[in-house]
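These notes concern the structure reproduced below.
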Amino acid sequence: MNKLRLLFLAYLALLVGFFIYSFTQVDLGLTLSKLPIYQVAGKSLQYLGFYQRPLSTLIFTLIISLLFIFYFSFLYLAKKGRLKLKTLTILTIFAAVILGFSYNAFSYDLFNYIFDARIVSHYHLIPYFYKAADFTGDPMLNFMRWTHRTYPYGPSWLILTVPLTFIGMNYFLPTFFLFKLLMTLSFLGSCVLVYKISAKLFPENKLFNVVFFAFNPLVLIESLVSAHNDIPMIFFLLLSIYLFLQKKKTLSWVSNLFSIGVKFSTGALFPLFILIEFLDRTGRKINWEKFFIAAIILSLSTVLVASLRTTFQPWYLVFPLSLAAFVPRKAYIFIPSLMASIFAVSIYIPYILMTDYAKGYPQVAQDIELVGFAAVLIFTVAALLLTKFSPKHLTN
């Protein structure tokens, strides 16, 4: 067995380990299954996650460290042309499937998504005017957070999620996995679109671009494990770009608006789409490299606004990373993207050790954010200085 095959098998084994580890974070007020085998295994994993926090933290730190080591290895292989499309496809699908069945270990937002849709399907009310806390006695309230907020997303998200609660017949476990399936398909669809758009615009970098996005540990955690609705938002945004390239303008605008209707962040890019529509109609050439760089800057502005409105959250970075995936060979994109991903994932280390409601956690998380921001800024400036303010593509 050659070294590359061993590397790929080791990565698959790591993903299985991460899948199992995610169940250490199952809320103590939630019983996923009454099957005897789960009761034994599940309780043991919960005990590790909640009552042996130092050991749990050590295991998690090892998992994410290995995920980043594999990530760097795959980037190197893609850069050297040693990672084939077939292998990339198998690894991506396996990661999506196995982590798609994981528990949403590092966020409670998925429960809020389910309850928002449940307000429509079960209570026949509009979630813009009602919050979870209004429905005292609902069993889901026992393990939810943020029960005092009303629905903060666009109508597109309800269009996607309300049918899932009907299909799941408002039973928690099937509905939970239907939501996870939606995120999994959105992730896979986004990876396909990164490849197809890159094949059209940046064909020499198409595999590297996919690896940059699909194997990033932060993207994997936030899209598949924690299952944030940023990934469906990103899918419809990328679909709108792909449809634009296919000259299907009407469908492109529909997809664009639907993306904004999932989560309003992609609305920041709306002026750019107006600009490229104008350039296309007037027969002028579109500089897609500049388009994506401008899109990254605008997406980062949404991260800043959201962070100032509440507080910074690691999944905010998945949006700019999905755009950076098209120009990762630029040092001032590549380096800060990696640094930001590492520090964003690192925020979960004290989360596991202390829990987010521990007295000292907010300060520790803030310290990691500040150090991370400083590191990203320093490395970005260094990259610009090294290229004499005229960044070039990373050489092969």
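The values are calculated or read from the model by the stated rules, or taken from the named source; none is laboratory data. Note that the coordinates shown come from a computational prediction; the quantities given were computed from them, not determined experimentally. We place every Cβ from the backbone using ideal geometry, glycine too, and count neighbours over all the protein chains shown.
Here's a check for you: in region 9-31, which residue that is under 23 Å from Leu353 (Cα atoms) and aliphatic (A, V, I, L, M) is nearest to the chain's Cα centre (by Cα)? Before you say what the answer is, go through the steps one by one.
Step one: list which residues in region 9-31 are under 23 Å from Leu353 (Cα atoms), which gives 14-31.
Checking the rest, the ones that are also aliphatic (A, V, I, L, M) come to 14-16, 20, 26, 28, 30.
Numbers: Leu14: 19, Leu15: 16, Val16: 19, Ile20: 19, Val26: 20, Leu28: 25, Leu30: 24 Å.
Here the answer is Leu15.
Only one residue in Asp109, Asp138 is in contact with a helix residue (DSSP H, G or I) (Cβ under 9 Å, 6 or more places away or on another chain), among the charged types (D, E, K, R), under 21 Å from Val26 (Cβ atoms) and free of Cβ contacts under 8 Å to residues at least 40 places away in the same chain. Which one? Steps first, answer last, please.
Working: Asp109 fails: free of Cβ contacts under 8 Å to residues at least 40 places away in the same chain.
Of the residues listed, the single one that is in contact with a helix residue (DSSP H, G or I) (Cβ under 9 Å, 6 or more places away or on another chain), among the charged types (D, E, K, R), under 21 Å from Val26 (Cβ atoms) and free of Cβ contacts under 8 Å to residues at least 40 places away in the same chain is Asp138.
With the condition kept exactly as written, say whether any residue in region 275-285 is surrounded by 19 or more Cβ atoms within 10 Å (Cβ to Cβ), farther than 16 Å from Leu237 by Cβ and out of contact with any Gly (no Cβ under 8 Å at 6 or more places or on another chain). Before the answer, list the steps.
Kept after step one, since they are surrounded by 19 or more Cβ atoms within 10 Å (Cβ to Cβ), are these residues of region 275-285: none.
Scanning region 275-285 turns up no residue that is surrounded by 19 or more Cβ atoms within 10 Å (Cβ to Cβ), farther than 16 Å from Leu237 by Cβ and out of contact with any Gly (no Cβ under 8 Å at 6 or more places or on another chain).
Please identify the pairs in which a residue from region 161-188 that is touching a residue at least 40 places away in the same chain (Cβ under 8 Å) and over 17 Å from Met233 (Cβ atoms) has its Cβ atom under 7 Å from the Cβ atom of a residue that is in a helix (DSSP H, G or I) and of a type in the set (D, E, K, R), counting only partners at least 6 apart or on another chain.
Thr165/Arg118; Asn170/Arg118
Just to check your reading of the model, which residue among Ile297, Ile342 is at negative phi, assigned to a helix (DSSP H, G or I) and without any contact (Cβ under 8 Å) to a residue 60 or more places away in the chain?
Values: Ile342 fails: without any contact (Cβ under 8 Å) to a residue 60 or more places away in the chain.
Of the residues listed, the single one that is at negative phi, assigned to a helix (DSSP H, G or I) and without any contact (Cβ under 8 Å) to a residue 60 or more places away in the chain is Ile297.
Scan region 64-71 and tell me whether some residue there is surrounded by 13 or more Cβ atoms within 10 Å (Cβ to Cβ), free of Cβ contacts under 8 Å to residues at least 60 places away in the same chain and either closer than 28 Å to Leu173 by Cα or in contact with a strand residue (DSSP E or B) (Cβ under 6 Å, 6 or more places away or on another chain) (or both).
no
Please indicate, with yes or no, whether at least one residue in region 141-155 is in a helix (DSSP H, G or I) and crowded, with 20+ Cβ neighbours inside 10 Å.
Residues of region 141-155 in a helix (DSSP H, G or I): 141-143, 155.
Filter once more, keeping what is crowded, with 20+ Cβ neighbours inside 10 Å: none.
No, region 141-155 has no match at all.
Among the residues that make up region 100-113, is at least one of them touching a Lys or Arg at 6+ places or on another chain (Cβ under 8 Å), under 17 Å from Val16 (Cα atoms) and of a type in the set (Phe, Trp, Tyr)?
yes
Each row is one residue, and each column tells you yes or no for (1) in a loop (DSSP other than H, G, I, E, B); (2) aromatic (Phe, Trp, Tyr).
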site: Phe72; (1), (2): no, yes
site: Leu75; (1), (2): no, no
site: Gly81; (1), (2): yes, no
site: Ser102; (1), (2): yes, no
site: Leu110; (1), (2): no, no
site: Ile114; (1), (2): no, no
site: Pro127; (1), (2): yes, no
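Scan region 196-206 and tell me whether some residue there is under 30 Å from Leu353 (Cα atoms), part of a loop (DSSP other than H, G, I, E, B) and touching a residue at least 24 places away in the same chain (Cβ under 8 Å). Please lay out each step first, then the result.
So the first thing to find is which residues in region 196-206 are under 30 Å from Leu353 (Cα atoms), and the list is none.
Among the residues of region 196-206, not one is under 30 Å from Leu353 (Cα atoms), part of a loop (DSSP other than H, G, I, E, B) and touching a residue at least 24 places away in the same chain (Cβ under 8 Å), which makes the answer no.
Can Glu222 be described as among the acidic types (Asp, Glu) and either surrounded by fewer than 22 Cβ atoms within 10 Å (Cβ to Cβ) or at pLDDT below 95 (or both)?
Details: among the acidic types (Asp, Glu): yes; either surrounded by fewer than 22 Cβ atoms within 10 Å (Cβ to Cβ) or at pLDDT below 95 (or both): no.
The answer is no for Glu222.
From the list Phe106, Phe60, which residue is assigned to a helix (DSSP H, G or I) and farther than 18 Å from Val210 by Cα? Reasoning before the result, please.
Details: Phe106 fails: assigned to a helix (DSSP H, G or I).
Going through Phe106, Phe60 in turn, the sole match is Phe60.
Looking only at residues in region 156-195 that are of a type in the set (Ser, Thr, Tyr), more than 24 Å from Ala306 (Cβ to Cβ) and part of a helix (DSSP H, G or I), which one is nearest to the chain's Cα centre (by Cα)?
If we filter region 156-195 for residues that are of a type in the set (Ser, Thr, Tyr), which is where we start, we get 156, 161, 165, 171, 175, 184, 186, 190, 195.
Restricting the remaining residues to those that are more than 24 Å from Ala306 (Cβ to Cβ) gives 165, 171, 175, 184, 195.
Now restrict to residues that are part of a helix (DSSP H, G or I): 165, 175, 184, 195.
Working: Thr165: 22, Thr175: 20, Thr184: 10, Tyr195: 17 Å.
In this case the residue turns out to be Thr184.
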